[in-house]
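For reference, the structure discussed in these notes is given below.
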Amino acid sequence: MTRDTDGVQYHVDGELLPREEATVPVEDRGFRYGDAAFETMRAYGGEVFEWNRHAARLARTCETLGMPGAVPGDLPLRVAETLDTNDLADARVRISITRGVQPGTLTPQEEVDPTVVVTVEALPRGGLDGEDVWDGPAVVQSVRTRRVPDASLPADAKTHNYLNGVLARLELRRAANDSYRPDEALLRDVEGRVAEGATSNLFFVADGTLRTPEAGDLFPGVTREVVLELAEDEPFPVETGAYDLDDVRDADEAFLTSSTWEVRPIESIDGIAVGGGPITELLRRLYDERVEERCY
């Protein structure tokens, strides 16, 4: 997808600025240490989908990082202004809140003057009349990089520390060749059980049951929560548990979820064909219906 950034404006610390002027100081702890919280969400028809969940998670992450007052009270207005100024109704919206500029020591100061940034990027219309942002079903490759356990870094905190996912995606580059180009990495936990994609959650269908790795060492995505809610009212069983790679490779259907991708079928895992299916397509439609109902 070609992205035109001419004339784009971002929101930085309460001020709308042209993209080329929207910068943060090199002393900012978000740059120095990844000491920051963020959320990525989608706006449909000018409305941020599942705003309350994203805002609550952003606040929880800030609390985990020891800066509970960092979320500004006018954050919804800043998001709306950024969308309006860029004349965007359908977009990816990212909010970053760092601890701000502090002396160059690892120990953070108690007083926080946070840096708050809102960026937006145009996406196609979603909902029932929308189009997918991805080019096709996902080609997934399991990687050696393991998901950092919750005991080391809180799994439910969405921070700028994404090195784990970066390393996983670098493995995809090494695995690629002229005929094989995986576009999502599947991480396992330290015990070898499947956990999640580098930027997505995993679902699969086996023996008519919708399955997804249980919460613990995986990031509990907002789209994952929505899909589990949608599945509650359907006749097929839903299960969360611990699974190995063979469980997913042998699945009847599989898909990934994220705010940007929504519900994306998996074409193959480690070169083994999986594909979507009736449950995947049903949940895709139900998700589109919820977006349509709440945002358009």
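Numerical summary
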{"read-out": "Number of the exception - Arg264 against (1) part of a helix (DSSP H, G or I); (2) in contact with a Ser or Thr (Cβ under 9 Å, 6 or more places away or on another chain); (3) among the charged types (D, E, K, R)", "value": "(1)"}
{"read-out": "Filter result (of a type in the set (A, V, I, L, M, F, W, C), crowded, with 21+ Cβ neighbours inside 10 Å and in a loop (DSSP other than H, G, I, E, B)) within the stretch 200-218", "value": "Leu218"}
{"read-out": "Test: Pro114 is in contact (Cβ under 8 Å) with a residue 24 or more places away in the chain and touching a Cys at 6+ places or on another chain (Cβ under 9 Å)", "value": "yes"}
{"read-out": "Residue under evaluation Arg147, criteria (1) assigned by TED's automatic domain parsing to the domain that holds Ala231; (2) out of contact with any Pro (no Cβ under 7 Å at 6 or more places or on another chain); (3) surrounded by fewer than 23 Cβ atoms within 10 Å (Cβ to Cβ), criterion not met", "value": "(3)"}
{"read-out": "Positions within the stretch 220-229 being hydrophobic (A, V, I, L, M, F, W, C) and surrounded by fewer than 19 Cβ atoms within 10 Å (Cβ to Cβ), in sequence order", "value": "Leu228"}
{"read-out": "Candidate set: the stretch 128-175, residues that are of a type in the set (D, E, K, R) and assigned to a strand (DSSP E or B); chosen: the one farthest from Glu191 (Cα to Cα)", "value": "Arg144"}
{"read-out": "Total residues in the stretch 260-291, condition farther than 28 Å from Asp90 by Cβ and surrounded by 23 or more Cβ atoms within 10 Å (Cβ to Cβ)", "value": "2"}
{"read-out": "Selection count where residues are in contact with a helix residue (DSSP H, G or I) (Cβ under 9 Å, 6 or more places away or on another chain) and surrounded by 14 or more Cβ atoms within 10 Å (Cβ to Cβ), scope the stretch 15-33", "value": "2"}
{"read-out": "Which numbered condition Arg290 fails, given (1) more than 18 Å from Ala206 (Cα to Cα); (2) in a strand (DSSP E or B)", "value": "(2)"}
{"read-out": "Qualifying position, being loosely packed, with under 13 Cβ neighbours inside 10 Å and either closer than 24 Å to Glu289 by Cα or assigned by TED's automatic domain parsing to the domain that holds Ala185 (or both), among Glu121, Glu131", "value": "Glu131"}
{"read-out": "Residue in the stretch 238-245 that is modelled with pLDDT of 95 or more, more than 16 Å from the chain's Cα centre (by Cα), farther than 25 Å from Met41 by Cβ and part of a helix (DSSP H, G or I) present", "value": "yes"}
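Conditions (1) at positive phi; (2) in contact with a Gly (Cβ under 7 Å, 6 or more places away or on another chain); (3) outside the structural domain of Thr257 (by TED's automatic domain parsing), marked per residue:
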{"residue": "Asp35", "(1), (2), (3)": "no, no, yes"}
{"residue": "Gly66", "(1), (2), (3)": "yes, no, yes"}
{"residue": "Pro103", "(1), (2), (3)": "no, no, yes"}
{"residue": "Pro114", "(1), (2), (3)": "no, yes, yes"}
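The values are calculated or read from the model by the stated rules, or taken from the named source; none is laboratory data. As the structure is a computational prediction, the values presented were derived from the model and not from experiment. Cβ coordinates were reconstructed from backbone atoms using ideal geometry, including for glycine residues, and neighbour counts include every protein chain displayed.
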